[in-house]
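Take a look at the structure below.
The values are calculated or read from the model by the stated rules, or taken from the named source; none is laboratory data. Just so you know, these numbers come straight off a predicted model, no measurement behind them. With ideal geometry, Cβ positions are generated from the backbone for all residues, glycine too; neighbour counts draw on all protein chains shown.
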Amino acid sequence: MAIVVQEEKKPVNWIGMLTVVFLVVALFVLSYFLFFKRPEVIEQVTPKKFDDINKISRISFDPEAIVSSESFQALKNYAPSFVPRETPGKPNPFRP
């Protein structure tokens, strides 16, 4: 008499399969409406306040006028002067 051994078949996970199919379909539908149906939506992403930035970028900057101004000349330096050592560090960094 022969013994027949068969593996038990696992049931199909229909909920997981339907979730994956739904996500793929939703991805295609959203990409269609975003890129092909209404491409003008992409251009509206930038805020309207960027026009103010364009105005600011057109302002000319003259550093000579700032340095020669009376208020700049009235500034005082309170930082101590820095004098570097003649030989910074050791001649041989691997020596203790």
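For this structure, a couple of remarks:
- Pair list, Cβ under 8 Å, 6 or more apart: the stretch 46-59 residue touching a residue at least 60 places away in the same chain (Cβ under 8 Å), other residue among the small types (Gly, Ala, Ser): none
- Among the residues of the stretch 66-93, those that are exposed (fewer than 10 other Cβ atoms within 10 Å of the Cβ) and modelled with pLDDT of 85 or more comprise Val67, Glu70, Ser71, Gln73, Ala74, Leu75, Lys76, Asn77, Tyr78, Ala79, Pro80, Ser81.
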